[in-house]
Amino acid sequence: MKVVVDMNKCQDHGQCVFAAPDVFRMDDDGRLAHVPDPDDALRDEVEEAADVCPLQAIRIED
Amino acid sequence: MSGRIVVAGASLGGLRAAEQLRAAGWTCGITVIGDEPHRPYNRPPLSKEVLAGKASFASLAFTPKPSAADVEWRLGTRVTTVRLAERTVELHDGAVLSYDGLVVATGMRPRRLRCPGPVEGRHTVRTIDDAQVLRDELTRPGVRVVVIGAGFIGCEVAATAVGLGAAEVTVVDPLPLPMVGPLGEMLARVLLTRHEERGVAFVLGQGVTAFEGDDRVTGVVLSDGSVLPADVVVESVGSVANTEWLDGNGLDLSDGVLTDQHLRVGGRPDVVAVGDVARFPNARYDGVPRRVEHWSVPTDSAKHAAKVLVGGEAGLAPFAPLPTFWSDQHDFRLQSFGAPALGLGDVRVLDGDIAGDVLVGYHRDGRLVGVVALGGPSVTRAAARFRAELLKQPALISQGALS
């Protein structure tokens, strides 16, 4: 699974971190960092993260 | 069930319902019906980025999941009548559809002030079309703006108008402080100051009795008889549930549509409600049914309601979402977890300083029920820690907090 975050849209709400903590995290400056190619077992979490992103900045590419 | 599920409402709740029906195993037809001509789009930017000219409509459109690719969209029409006993809906265009399951996702519309005076020049912000028309007005040189209602939308619009360079921006509200209902006095005072420092004027403790002007509004008459000159008026005075189409079925429609703890409507297995039109008891709190106008609710409720509609409630815990909301105003952000409004009587600073970035906690019977962060990453991170604590707490109901 390939996860793409549009960093021009991202406003660091961090909702994705709650939904999928294995894939998304906030760095020390409060900016989002993520694993671009997480294991497929994490698909449900990542879909949840994409759903709850207020800016809809997360895209899942198979 | 086999056949068709009708989803009435084609905004975020309708889209998520369609997607979650597929996720719950529904393989037959899904028809989503919405009165706007547009596919579902994201509304929070309407009072901010869209108004400010920083976001296009294309950037707001939701991308439906691949599983929902075969959903039938009927846009630019709406359900006018439903007969629950017969399982049929009638649309504004005259079509009659039968269904096996029905999702109520018709949401809210802005409440309008019923005051004498001209209508032209008065705006609301609910749809993309509203926002685009208002933007044209706010960008006229020297424009004087009066925002009626100091809630979230009103404060966001006022902040955006100042950012666009409006000559005067005044917010009017009968309450003594902005956003005091959801946030309580402590934070409301801070927000008032921060708005004033950034150029927003407030007239508080005053209602609106009339609008001045002939063809178009030129002023807003306040309850003390004084008049605020206005070229543009924005009404942000709450919302009304779109439930008229459900009339005649014996449902409780006194404020949205009443549901049970599994979001079912009228005790029926074949009708559920999602989003801000649903008045549901939250098992996490006191069990009192409430509508919740937060962006997270359509997604959370659609997930639960779709499972119930497709597979029944067996094995499902009652719907108990952790509420969350945010609001971006000027250069600051409010971020909330839990239910601050249930703990307005006991408000404490948990982190930071009221003069800068601050995290505030709301308590009921000594127990933390909600937090609001105002400011940057340091308090947002602190809020996230408290979110985890809020999630772990047992339901208030089971602790007898109703007494």
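Taken over the range B:1-56, the residue count meeting the criterion of being aromatic (Phe, Trp, Tyr) and farther than 21 Å from B:Met108 by Cα is 1.
Taken together, the criteria place B:Ala317 among residues that are aliphatic (A, V, I, L, M), more than 29 Å from B:His195 (Cα to Cα) and more than 14 Å from every other protein chain (Cβ to nearest Cβ).
Give all pairs with beta carbons closer than 8 Å in which a residue from the range B:358-383 that is within 14 Å of chain A (Cβ to nearest Cβ) and in contact (Cβ under 8 Å) with a residue 12 or more places away in the chain meets a residue that is open to solvent by 10 Å² or more (accessible area, probe 1.4 Å) and of a type in the set (S, T, N, Q); count only pairs at least 6 apart in sequence or on separate chains. Pairs found: B:Ala373/B:Thr380. When we screen B:Val171, B:Val146, B:Val79 for residues that are farther than 30 Å from B:Ala52 by Cα and buried (at least 18 other Cβ atoms within 10 Å of the Cβ), the only hit is B:Val79.
What residue, among those in the range A:5-28 that are of a type in the set (S, T, N, Q) and at the interface with chain B (Cβ under 9 Å from one of its Cβ atoms), is least open to solvent (accessible area, probe 1.4 Å)? Checking each candidate, the answer is A:Gln15.
Listed here are the strands (runs of 3 or more DSSP E) enclosed by the range B:188-244 that have at least 3 residues being surrounded by 15 or more Cβ atoms within 10 Å (Cβ to Cβ) and not acidic (Asp, Glu): B:201-204, B:208-212, B:219-222, B:232-235. Could you identify the single residue in B:Leu334, B:Leu350 that is crowded, with 20+ Cβ neighbours inside 10 Å and at pLDDT 95 or above? Just one listed residue meets the conditions, B:Leu334.
Set side by side, the residues B:Val360, B:Val308 differ, and just one is open to solvent by less than 10 Å² (accessible area, probe 1.4 Å), modelled with pLDDT of 95 or more and outside any strand (DSSP E or B), which is B:Val308. Of all the listed residues (B:Ser223, B:Ser254), the sole one being within 30 Å of B:Arg189 (Cα to Cα) and either of a type outside the set (A, V, I, L, M) or under 20 Å from the mean Cα position of the chain (by Cα) (or both) is B:Ser223. Return a yes/no flag: does the range A:33-48 have any residue that is facing chain B (nearest Cβ under 9 Å), touching a Gly at 6+ places or on another chain (Cβ under 9 Å) and open to solvent by 50 Å² or more (accessible area, probe 1.4 Å). No, the range A:33-48 contains no residue that is facing chain B (nearest Cβ under 9 Å), touching a Gly at 6+ places or on another chain (Cβ under 9 Å) and open to solvent by 50 Å² or more (accessible area, probe 1.4 Å). Among the residues of the range A:21-54, how many are out of contact with any Pro (no Cβ under 8 Å at 6 or more places or on another chain) and not in a helix (DSSP H, G or I)? Selection size over the range A:21-54: 15. Restricting B:Ala55, B:Ala85 to those that are aliphatic (A, V, I, L, M), part of a loop (DSSP other than H, G, I, E, B) and open to solvent by less than 30 Å² (accessible area, probe 1.4 Å) reduces the list to B:Ala55.
Screening the range B:58-76 for residues that are more than 9 Å from chain A (Cβ to nearest Cβ) and assigned to a loop (DSSP other than H, G, I, E, B) and picking the one that is least open to solvent (accessible area, probe 1.4 Å) gives B:Val71. Within the range B:29-44, residues that are within 14 Å of chain A (Cβ to nearest Cβ) and hydroxyl-bearing (Ser, Thr, Tyr) sit with their Cβ atoms under 8 Å from residues that are buried (at least 18 other Cβ atoms within 10 Å of the Cβ) and assigned to a loop (DSSP other than H, G, I, E, B), at 6+ positions apart or across chains, in these pairs: B:Tyr41/B:Ser11.
Report whether or not B:Ala283 is over 23 Å from B:Leu396 (Cα atoms), modelled with pLDDT under 95 and either open to solvent by 20 Å² or more (accessible area, probe 1.4 Å) or in a strand (DSSP E or B) (or both). Here the answer is no, as B:Ala283 does not meet what is asked. Against the conditions (1) closer than 22 Å to A:Gln15 by Cβ; (2) polar (S, T, N, Q); (3) at pLDDT below 95, B:Ser403 satisfies every one except (1). The strands (runs of 3 or more DSSP E) found entirely in the range B:97-180 that carry 2 or more residues being not hydrophobic (A, V, I, L, M, F, W, C) are B:108-110, B:168-173.
The values are calculated or read from the model by the stated rules, or taken from the named source; none is laboratory data. Keep in mind that this is a model prediction, so the values were computed, not measured. We place every Cβ from the backbone using ideal geometry, glycine too, and count neighbours over all the protein chains shown. These area figures cover heavy atoms from the full protein model, side chains too; ligands, DNA and RNA do not enter into them. Shrake-Rupley method; radii C 1.70, N 1.55, O 1.52, S 1.80 Å.
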